[in-house]
1. Anything in region 32-62 that is assigned to a helix (DSSP H, G or I), over 17 Å from Phe84 (Cβ atoms) and of a type in the set (Asp, Glu)? List them, or say none.
2. Within the set of pairs 6+ apart or on separate chains, which have a first residue in region 132-157 that is more than 15 Å from Tyr87 (Cα to Cα) and in contact (Cβ under 8 Å) with a residue 60 or more places away in the chain, a second that is part of a strand (DSSP E or B) and of a type in the set (S, T, N, Q), and C-beta atoms under 7 Å apart?
3. Six or more apart or on different chains, Cβ under 7 Å: which pairs go from a residue in region 15-44 that's without any contact (Cβ under 8 Å) to a residue 24 or more places away in the chain and more than 14 Å from Tyr128 (Cα to Cα) to one that's in a helix (DSSP H, G or I) and of a type in the set (Val, Ile, Thr)? Could you list them?
4. What number of residues within region 57-76 satisfy the criterion of being in contact (Cβ under 8 Å) with a residue 40 or more places away in the chain and of a type outside the set (Phe, Trp, Tyr)?
5. In region 149-159, how many are surrounded by 13 or more Cβ atoms within 10 Å (Cβ to Cβ) and at pLDDT below 85?
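The values are calculated or read from the model by the stated rules, or taken from the named source; none is laboratory data. Because the structure is predicted, anything quoted here is derived from the model rather than measured. Positions of Cβ are backbone-derived with ideal geometry, glycine not excepted, and every protein chain shown enters the neighbour counts.
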Amino acid sequence: MIKIPSEIHSCLTNERIDHIGQLIARMRAENLDAVEERDNGWSIGCRAHAWICNEIQRQAKNTDWLSIVDSSLRFIGQIGSVQFSFYKGMAQKPKSNIYSRAQSHPELRQSSMLFDNLPVPEKLVWAYAVETDLEGSTTNIEFFGMSESGDVIASRIVPIFNIPANLVSVNNSESAPVDLPPASATLPKTRKDKMSDSKDYGA
């Protein structure tokens, strides 16, 4: 049974996981908004990666539970005591370099009851898997902890589409209802009608 991350590490709260995941989604969206005709898939992807890394580093300066382990291209951040990375792809198909940073967690052996008598892995890798559509828009972000054998031990889907809308108060007491004349019922012109009109005006 897949657990939630906080069952393994108390520092991996939903709020912290979602904060980083939504940051990733926001940076990717802003990056797409900045695309111009001279860009291609490679330049867009590289810039998105750089924007995400830089924003995480910027926020780490003022966030006590967030720190940076490796600021190079193989970027590794840290939530509490847990290192994490991110990549574009599905959680079920992590890139090979993700496994290279699996961490030893001796405390897991002391918490074997969390896994309902399943074998406790000696090492776990934590990462954000960022799924996109053909246009590059982010469609799903999953934060997961995976064993070296490829078994997902813990997972959380980051909510990236349920941002509450701003509520606008409406005061209906200021004005009484007004009767409006019925709208005229007309059919939209067909392509043939529009061509006929253009001939009448000498277009």
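1. The answer is Asp33, and nothing else.
2. Ile153/Ser147
3. Filtered contacts from region 15-44: Asn31/Ile44; Val35/Ile44.
4. Applying the first criterion (in contact (Cβ under 8 Å) with a residue 40 or more places away in the chain) to region 57-76 yields 65-66.
From what's left, of a type outside the set (Phe, Trp, Tyr): 66.
Residues that pass the stated criteria total 1.
5. Narrowing region 149-159 to residues surrounded by 13 or more Cβ atoms within 10 Å (Cβ to Cβ): 151-159.
Those still in the list that are at pLDDT below 85 too: 151.
Counting residues in region 149-159 that are surrounded by 13 or more Cβ atoms within 10 Å (Cβ to Cβ) and at pLDDT below 85 gives 1.
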